[in-house]
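Everything below concerns the one structure shown next.
The values are calculated or read from the model by the stated rules, or taken from the named source; none is laboratory data. Note that the structure is a prediction, hence the values are computed from the model and not measured. A quick note on method: Cβ atoms are made from the backbone with ideal geometry, for glycine too, and the neighbour counts reach across all protein chains shown.
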Amino acid sequence: MQPREKTHSHSHPVMTLKEKEKYIENFKFPFCDDSAKYEKVAKIGQGTFGEVFKAKEKANSKKLVAMKKVLMDNEKEGFPITALREIRILQRLKHENVVNLIEICHKRASQQNKCLSTFYLIFEFCEHDLAGLLSNINVKFNLGEIKKVMQQLLNGLYYIHSNKILHRDMKAANVLITKNGVLKLADFGLARAFSANKNGQPNRFTNRVVTLWYRPPELLLGERNYGPPVDLWGAGCIMAEMWTRSPIMQGNTEQQQLTLISQLCGSITPAVWPGVENLELYKQMELPQQQKRKVKDRLKPYMKDAYACDLLDKLLVLDPSKRADADTALNHDFFWTDPMPCDLGKMLAQHSQSMFEFLAPPRRSRTHHTMANQRPTTSAMQDSGYQDRVF
Amino acid sequence: MPCWYYDKKELRNTPSALDNIEYDTEMRYRKEGARFIIDTGSKMDLGYNTTATGVVYFHRFYMFHSFRQFPRYVTACCCLFLAGKVEETPKKCKDIIKTARSLLSDAKFATFGEDPKEEVMTLERILLQTIKFDLQVEHPYSYLIRYAKCLKGDKAKLQKMVQMAWTFVNDSLCTTLALQWEPEIIAVALMYLAGKLSQFEVIDWVGRVNKHLRWWDMFVEDVTMDLLEDICHQVLDLYSQPTPTTAPDSPPLLPRPAQTTQPSSSKTANGQEKEKPEVPEPNPPSVPAVSIPDVPTYPYPPSFTTTAPHASAYPPAYTNPPVVPPTHIAAPPPGPPPPHMAGPPPGVPFTPYVAPPHYPPVVATGPYYAPTPPSQPHRPYYPPPS
């Protein structure tokens, strides 16, 4: 007993954990506001690392924000690295077409949350996301409006890529649109910085990124040294979706996704994509042969516009090195011919309801195409929280 | 974002000072904490950027909290833990603690309490709030290399100068310079110092313009000689500080913060590290002292001898442009991925993720949003408008 006693007196920390929590509670952090300054209005989504709420500032109820909760419950390694990445990246990115991170707040420790303080990322509020808008048949985009959406999306990508950031999770649900028609790329939970491999060393990023339906062929084939073209593939998928209103390649498995890609974009062969044979999974995956490229043929009935078909054809290119980059895409005639890109504000003004994928009824159910406010089931919430995480 | 630069008066008026810790003592704590982060970092093969980021967090933390409230080695571990994640070189908390355990005396490690991991995790939340999630930190290293590329002169001498400056930058982490000046200015000052000591005189440089009196006028504005000398002295002072033989120990620790008003009583009660001298000071000069006008005698410090960064960052003859080290943001270090980035061994916290696809896999068919049935030949996704 005695030696133990002795070590105990030795090992007495300056503050016990409880005292520490109390210290935080009473310490007024000059830079980190209390989340109580905002009042939650509704849950609007499920991000990579936590729930997202619509909220208003108590002091100024006109100011709406989105609060993204950082889930710490199951973190054995403290504050999640994915959240740290998103914060660091968003602090660096300030652009009209990138969601704006206003601040990070903390919720004081209390009995309720078992003395664990929680953190929230506070974003400016955007009324809609693209998946939500597309799932509502009452929302109709004309060609000029579609051009505006794509132009803003590519502008955002151009900006983040010039800042050496890969989004890595392009999909309609991560494209936000304000009621004034300004598009914002959101959810940088999977984003990371990249550098041109100037040391001659290839990058070794994880290829377990991007929601399956928007995942480009190089990732599906195990490429780890990838770059901005992964986001442009997603941009192409989203572009087609502007007309089809539903994701164009909905594979259930990586194999199936590759099959769907081959059926749309033609067989994946070293002839059209030199070097593909060296990718890790090239031999393991079953790649349909003798498939013709049908991007234009298949999408023409929806898109009609020849420039649109041509741009899409340049985005959904199998070989990432030949895929159009954001700059090339922005210079495409699609954006510079009549009808010119036109403001979305007017069209959106006809809809007073927020449209988020999270709040929308299942996209393919024909009985629920009016905007319903009902909450989706728990399982749907879990499903929409899907992400491969990154290490 | 908050301003992370302070003047000398503010540095004498810190929470620790208000908590009756003497200035010299606080500087020693800062030095020891920084040195410990550097040692732990190099033992764990963390790069210089991660280490330096951790040290900067450490210095910033104690601009808001007192050393009496938060024992320095716990804070140091926490800063390194967070810096590892921020710089994309994550280390598991328990491994950092394990390394800390191996570097610290029992008494010092006792400040980690009964549950060291929980201690560090709890502190992480305080740390994040204290530094306002301002995670991105720049260091003098990248500037050092950028500037060196522009200088003309004897290659071997230049390389020697740059290596010496690199060591000074390493050691500058043990001062509060990162709380006083931007990394660009520290880089210039310590290159100036290294230039003097290695007798490398910069006569010409790439991009020289008539109005530029000194090479650094190209990069920084309004830097006076007084300022440069001041920065140099702060680093050189590190080497002239006497090794504390009568180790005056850790913060006058108290069992609980409430009693902070009676500091002297607790030292023995706490029994913290009165046994041994602190982290050993740099050994006596191993290189003959060079006497140079204007700057104090320079005993080449054998401190922080983990020479890894500059050795590898520089091609031997310095003929090729030096490899620019990855900048603070994310880019993975060159070479094969460090062990921690490879697939996690079984049972480690960073587990791969098994998750269902985003959209429910069951696809209902309907005239409006019918997707392609997966196993069938492609069909229209949506009936083309007629």
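Could you please give the count of residues in region A:269-280 that are at pLDDT 95 or above, part of a loop (DSSP other than H, G, I, E, B) and either under 27 Å from the mean Cα position of the chain (by Cα) or among the charged types (D, E, K, R) (or both)?
So the first thing to find is which residues in region A:269-280 are at pLDDT 95 or above, and the list is A:269-279.
Within this subset, residues satisfying the condition of being part of a loop (DSSP other than H, G, I, E, B) are A:269-275, A:279.
Keeping just the survivors that are either under 27 Å from the mean Cα position of the chain (by Cα) or among the charged types (D, E, K, R) (or both) gives A:279.
Residues in region A:269-280 being at pLDDT 95 or above, part of a loop (DSSP other than H, G, I, E, B) and either under 27 Å from the mean Cα position of the chain (by Cα) or among the charged types (D, E, K, R) (or both): 1 in total.
Is it the case that region A:167-187 has a residue that's basic (K, R), out of contact with any strand residue (DSSP E or B) (no Cβ under 8 Å at 6 or more places or on another chain), more than 16 Å from A:Y214 (Cβ to Cβ) and at pLDDT 95 or above?
The first filter runs over region A:167-187 and keeps only residues basic (K, R), leaving A:168, A:171, A:179, A:184.
After this cut, where a residue has to be out of contact with any strand residue (DSSP E or B) (no Cβ under 8 Å at 6 or more places or on another chain) as well, the list is A:171.
Then drop every residue that is not more than 16 Å from A:Y214 (Cβ to Cβ), which leaves none.
Within region A:167-187, none of the residues are basic (K, R), out of contact with any strand residue (DSSP E or B) (no Cβ under 8 Å at 6 or more places or on another chain), more than 16 Å from A:Y214 (Cβ to Cβ) and at pLDDT 95 or above.
So which residues in region B:115-133 are touching a helix residue (DSSP H, G or I) at 6+ places or on another chain (Cβ under 9 Å) and at the interface with another protein chain (Cβ under 7 Å from one of its Cβ atoms)?
Keep residues of region B:115-133 that are touching a helix residue (DSSP H, G or I) at 6+ places or on another chain (Cβ under 9 Å), which gives B:115-131, B:133.
Matches in region B:115-133: B:E118, B:E119, B:M121, B:T122, B:E124, B:R125, B:I126, B:L128, B:Q129, B:T130, B:F133.
With the structure loaded, tell me whether A:Y307 is touching a residue at least 24 places away in the same chain (Cβ under 8 Å), in contact with a Pro (Cβ under 8 Å, 6 or more places away or on another chain), farther than 17 Å from A:L258 by Cα and of a type in the set (F, W, Y) or whether it fails that test. Show your work before the answer.
On the way: touching a residue at least 24 places away in the same chain (Cβ under 8 Å): yes; in contact with a Pro (Cβ under 8 Å, 6 or more places away or on another chain): no; farther than 17 Å from A:L258 by Cα: yes; of a type in the set (F, W, Y): yes.
For A:Y307, the condition - touching a residue at least 24 places away in the same chain (Cβ under 8 Å), in contact with a Pro (Cβ under 8 Å, 6 or more places away or on another chain), farther than 17 Å from A:L258 by Cα and of a type in the set (F, W, Y) - is not met.
Go through B:L104, B:L80, B:L158 for me and flag whichever is more than 9 Å from every other protein chain (Cβ to nearest Cβ), farther than 30 Å from B:R208 by Cα and over 18 Å from the mean Cα position of the chain (by Cα).
On the way: B:L80 fails: over 18 Å from the mean Cα position of the chain (by Cα); B:L158 fails: farther than 30 Å from B:R208 by Cα.
The conditions single out B:L104.
Which of (1) aliphatic (A, V, I, L, M); (2) more than 22 Å from B:R60 (Cα to Cα); (3) within 14 Å of chain A (Cβ to nearest Cβ) does B:L151 not meet, given it meets every other one?
Every condition holds for B:L151 apart from (3).
Return the only residue of B:E22, B:E26 being free of Cβ contacts under 8 Å to residues at least 60 places away in the same chain and surrounded by 21 or more Cβ atoms within 10 Å (Cβ to Cβ).
Numbers: B:E22 fails: surrounded by 21 or more Cβ atoms within 10 Å (Cβ to Cβ).
Step by step, each of B:E22, B:E26 is checked, and only B:E26 is free of Cβ contacts under 8 Å to residues at least 60 places away in the same chain and surrounded by 21 or more Cβ atoms within 10 Å (Cβ to Cβ).
Name the helices (runs of 4 or more DSSP H) wholly within region A:124-226 that hold at least 2 residues that are surrounded by 19 or more Cβ atoms within 10 Å (Cβ to Cβ) and within 12 Å of another protein chain (Cβ to nearest Cβ)? Steps first, answer last, please.
Values: elements: A:130-134, A:143-162, A:217-220.
Qualifying helices (runs of 4 or more DSSP H): A:130-134.
Within region A:246-253, is even one residue surrounded by 21 or more Cβ atoms within 10 Å (Cβ to Cβ) and farther than 30 Å from A:F141 by Cα? Explain how you work it out, then say what you get.
Going residue by residue through region A:246-253, those that are surrounded by 21 or more Cβ atoms within 10 Å (Cβ to Cβ) are A:246-251.
Add one more test, that the residue is farther than 30 Å from A:F141 by Cα, and what stays is none.
Looking for residues that are surrounded by 21 or more Cβ atoms within 10 Å (Cβ to Cβ) and farther than 30 Å from A:F141 by Cα, one finds none in region A:246-253, hence no.
So that you can scan it fast, the table gives a plain yes or no per residue for (1) of a type in the set (S, T, Y); (2) closer than 22 Å to B:M44 by Cα; (3) surrounded by fewer than 23 Cβ atoms within 10 Å (Cβ to Cβ):
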site: B:K108; (1), (2), (3): no, yes, no
site: B:K117; (1), (2), (3): no, yes, yes
site: B:V120; (1), (2), (3): no, yes, no
site: B:Q136; (1), (2), (3): no, yes, yes
site: B:L144; (1), (2), (3): no, no, no
site: B:K160; (1), (2), (3): no, no, yes
site: B:L179; (1), (2), (3): no, no, yes
site: B:E184; (1), (2), (3): no, no, yes
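Hey, does region B:12-34 have a residue that's under 26 Å from A:E75 (Cα atoms), part of a loop (DSSP other than H, G, I, E, B) and among the polar types (S, T, N, Q)? Write out each step before concluding.
Residues of region B:12-34 that are under 26 Å from A:E75 (Cα atoms), as a first pass: none.
No, because not a single residue in region B:12-34 is under 26 Å from A:E75 (Cα atoms), part of a loop (DSSP other than H, G, I, E, B) and among the polar types (S, T, N, Q).
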